[in-house]
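Right, one structure below, let's go through it.
The values are calculated or read from the model by the stated rules, or taken from the named source; none is laboratory data. Quick caveat, the model's predicted, so the values are computed rather than measured. Heads up, the Cβs are rebuilt from the backbone with ideal geometry, glycines too, and the neighbour counts pull from every protein chain shown. To get the accessible areas, we keep the full protein, side chains included, count just its heavy atoms, and leave off ligands, DNA and RNA. Shrake-Rupley method; radii C 1.70, N 1.55, O 1.52, S 1.80 Å.
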Amino acid sequence: MLALRPAREGFEVLMVRRAGRSAFMGGAYVFPGGAVDDVDRGPLAAAAVAGDDPGQRPWWAAGLRELAEEAGVLVTAPPPGTGSAERVAGRYGGELYGALVEAGLRLDGRRLAYLSNWVTPPGPPRRFDTRFFVVEVAPGTPAAADGREVTEAAWVTPASALERDGEGWYVPFPTRWHLDWLARHVTAGAAVAAARDQVSVPRVAPRVVREEGGIRVLLPGDPGFADAAPA
């Protein structure tokens with residue numbers, strides 16, 4: 001989930017650092033997110049997530065749930081007051097959905113813009129089919145790492161995040177690609193609008209080639225992409 005917060009100059013994106021013990025990208029700086037769980041497809045999620053597209057709802061639910069669980073950021077309709085936010089803080093999975101319904105809140109899938117769909121290159125035993133959504137939140141929205149799945153949560157400009165990659169931060173290729181995309185937009189609203197105005201959502205399936213000194217990720221259209229074999 002690319003959560004964007006307007007700033008005095010431009011906007012910031014929320015980045016989290018995955019716990020080092022994580023089996024997937026431990027220690028990496030990424031956007032909040034995770035797998036679509038069974039609870040995201042169930043009746044509790046249907047009651048707790050606003051939006052009229054049943055096919056997209058599990059993805060909206062998972063993205064917004066993970067944003068709330070990992071970083072404490074609630075994107076709801078209506079916006080949560082202090083009391084209702086405290087009632088749902090620290091809840092997970094179905095417990096979070098139940099607490100939202102009790103508080104009269106719904107995670108607002110209608111505010112999400114579907115930006116891209118990335119698929120892990122052939123080769124690794126664990127592969128992922130990931131959807132990236134963009135959402136704008138209010139200026140000054142706080143974020144705090146849950147201390148379980150992520151150990152840090154920081155609002156940074158896309159340019160700053162790119163500068164930190166390799167200088168204390170490890171930013172995976174798909175995350176860096178999305179940061180580059182964000183950096184081409186002046187405001188959070190412009191980025192959300194650009195994602196929403198796409199004729200179709202791109203499905204990106206990178207390929208990885210081994211070279212002397214490391215590996216190189218190729219995207220469709222890059223020289224050598226058609227001939228690239230699994231790394």
Among the residues of region 154-164, which ones are open to solvent by 40 Å² or more (accessible area, probe 1.4 Å) and without any contact (Cβ under 8 Å) to a residue 24 or more places away in the chain?
L162, E163
Please verify whether region 106-115 includes one or more residues that are surrounded by fewer than 23 Cβ atoms within 10 Å (Cβ to Cβ), farther than 15 Å from E136 by Cα and either without any contact (Cβ under 8 Å) to a residue 12 or more places away in the chain or out of contact with any Lys or Arg (no Cβ under 9 Å at 6 or more places or on another chain) (or both).
yes
Within region 10-44, take every residue that is touching a Pro at 6+ places or on another chain (Cβ under 7 Å) and outside any loop (DSSP other than H, G, I, E, B) and give me the one that is nearest to T120 (Cα to Cα).
V30
Pick from region 46-72, criterion part of a loop (DSSP other than H, G, I, E, B) and under 13 Å from L112 (Cβ atoms), ranking: most open to solvent (accessible area, probe 1.4 Å):
D52
